[in-house]
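Just below is one structure, and these are the notes that go with it.
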Amino acid sequence: MNSKARYLLRFDDLCPTMSRAGWERFHTLIRQYKLKPILAIVPANQDPDLMIDPPDQKFWNEMRELEAIGACIGLHGLTHLNDQRGRSLIPLHRETEFAGAMEPAQQKKIAQGIHLLKEQGLTSRIWVAPRHGFDRNTLRALQSAGLNLLSDGLAERPFLKGGVVWIPQQIWEPVSKQSGLWTICIHANTSTAAQFAELGDFIRTHHEQFTSVEDALVEFTPSPLNIVEAVATWVRLTRIRISKWRKRRRRH
């Protein structure tokens, strides 16, 4: 394990109809600090919650420009419609786009998503499941499509599982860590000004510790988790699930 923590940024729900104002401030931050985030793009969005602004004519060109300077293009499902119900390998949500669907149906969606991004001049490098919703059928479908890298899991380093390399994604806000690789997941559509300011302050302080997917895979050689690491990830998942349950209880 490396002695100094590394951080990755991941931006979810990117599509031409996302909030232009919400994305623009993060886009400026990426360019300012020469960051190389994961850009989780919905190729054929049908989710009304992501239809915030009229289609942005600059969207695809910006994604190409960011990929050219080192960003990693993520395939964030196909339509972002959570019309399946099944148990995910990361069991945080029951309704998802993929978990629970038959393998051929998942293969078809993944292939279509890769094709649509390729038509826009983008190379799908990593899988990002909407709502963390994917199962063993998804892993097999990804391998069939030649996409052997995903962003998820709660370990402290990249690891191998189910024939796929997992780049962990464990936090949704900046948190200072001592070691390991930590992916901060950002939803530009819903982030508040205070959350943006907090991230900006964190990047200013820790910008030398931010990395890219490519560099992280060199610095942290993926291998299966040992028993201690596996138990630690289970504990982290349990804590997240309890926190989500408490939030639901407070709302009701």
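Using the Cβ atoms and a cut-off under 12 Å, what net charge is assigned to the surroundings of Val213, where Lys and Arg are +1 and Asp and Glu are -1?
That works out to 0.
Tell me the label-point distance for the pair Asp53, Arg236, using the 7 Å Cα-to-Cβ offset, in nm and rounded to one decimal.
The modelled label-to-label distance comes out at 3.3 nm.
Please give the net charge around Trp60, taking every other residue with its beta carbon less than 13 angstrom from that of Trp60, where Lys and Arg add +1 and Asp and Glu add -1.
-2
Please compute P(r) over all alpha-carbon pairs of the chain, binned at 10 Å starting from zero, and give each bin as a whole-number percent.
Pair shares across the bins are 7, 31, 39, 21, 2.
What trypsin sites (Lys or Arg not before Pro) in the stretch 1-96 are in a loop by DSSP, with at most 16 other Cβ atoms within 10 Å of the Cβ?
Hits after loop and neighbour filter: Lys4, Lys34, Lys58, Arg87, Arg94.
Taking a virtual spin label 7 Å from the Cα of Val165 along the C-beta vector, which residues in the stretch 211-237 bring their backbone nitrogen under 19 Å of it?
211-226
Under a crude label model (7 Å from the Cα following the beta-carbon direction), how far is Thr205 from Lys118 in nanometres?
The modelled label-to-label distance comes out at 4.4 nm.
Arrange the following residues from fewest to most other Cβ atoms within 10 Å of their Cβ: Trp182, Trp172.
Trp172, Trp182
Taking other Cβ within 10 Å of each residue's Cβ, how do Ser212, Ser243, Ser124 sort, fewest first? Kindly include the intermediate steps, with their values, before the conclusion.
Numbers: Ser212 18, Ser243 10, Ser124 24.
By the 10 Å Cβ count, ascending: Ser243, Ser212, Ser124.
Could you list Thr123, Thr183 so that the one with the fewest beta carbons within 10 Å of its beta carbon is first and the one with the most is last?
Thr123, Thr183
What residues have an amide H closer than 5 Å to that of Tyr7, excluding those fewer than 5 places away on the same chain, when H is modeled at 1.01 Å from N in the peptide plane?
Trp182, Phe210, Thr211
Any read-out appearing in this document is the output of simple, stated calculations on the displayed coordinates, not a laboratory observation. Because the structure is predicted, anything quoted here is derived from the model rather than measured. Cβ: placed from backbone, ideal geometry, glycine included. Neighbour counts: every protein chain shown.
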